[in-house]
Each structure stands twice: as C-alpha cells, then as structure tokens.
Amino acid sequence: MQETKYLQIGEPIDGPWIKRIAELASDLKIHLAVGFAERRDQKMYNSVAVFSPVGELVLHDILKRRSPEFYREIIEHQPRAK
C-alpha cells in the first residue's frame with residue numbers, strides 16, 4: 001500500500017469524523033465510545049475516544065501503533081472460498 005493512501009485512512013483526534021461523533025453523543029445525550037485509525041505526525045495508531053452526553057472528550061487513548069502492512073492486509077482481505 002502506498003504511504004499516501006495509508007495515511008488517508010487515518011483521522012486526527014480533532015478531525016471532522018471525530019467531531020461528528022462528539023455531536024452525536026451530545027444529540028443523543030449518551031456516552032459514546034469509538035475506536036478509530038488515528039493519524040498523528042505521519043504515523044498511524046489504533047485509538048479509542050470516549051465522549052460524554054454533552055459531547056466532551058473524556059478519554060482518548062492510543063492502543064497500538066500500526067504499520068502500512070497491517071492496514072493493507074485488512075483492505076485487501078478476501079474471504080476464503082468454502
């Protein structure tokens with residue numbers, strides 16, 4: 001996988017998708033947790049963000065750094081024939 005495409009998969013913690021998750025938590029008035037591919041400093045991480053019922057980020061944790069090969073395997077995965 002090309003580095004550019006690899007980095008396009010990721011979302012920064014202040015990106016539009018994460019902002020929309022915060023809005024959704026607030027709209028629904030619920031705690032909402034989401035795992036996502038986080039792009040930070042030209043590197044990718046498996047991360048989790050938890051939002052409060054008012055849309056406030058209450059937890060942000062990086063679970064593990066991932067390589068381009070890891071995401072290539074997910075994207076290109078083909079189910080085995082039975």
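Quick rundown of the values:
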read-out	value
Answer residue from segment 34-63, given it is loosely packed, with under 12 Cβ neighbours inside 10 Å and under 18 Å from Gln8 (Cα atoms) and is modelled with the highest pLDDT among those	Gly35
Output for segment 4-30, where each listed residue is assigned to a loop (DSSP other than H, G, I, E, B), in contact with a Pro (Cβ under 6 Å, 6 or more places away or on another chain) and on the phi < 0 side of the Ramachandran plot	Ile30
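The values are calculated or read from the model by the stated rules, or taken from the named source; none is laboratory data. Computed from a predicted structure; not experimentally measured. Cβ atoms come from the backbone with ideal geometry, glycine included; neighbour counts cover every protein chain shown.
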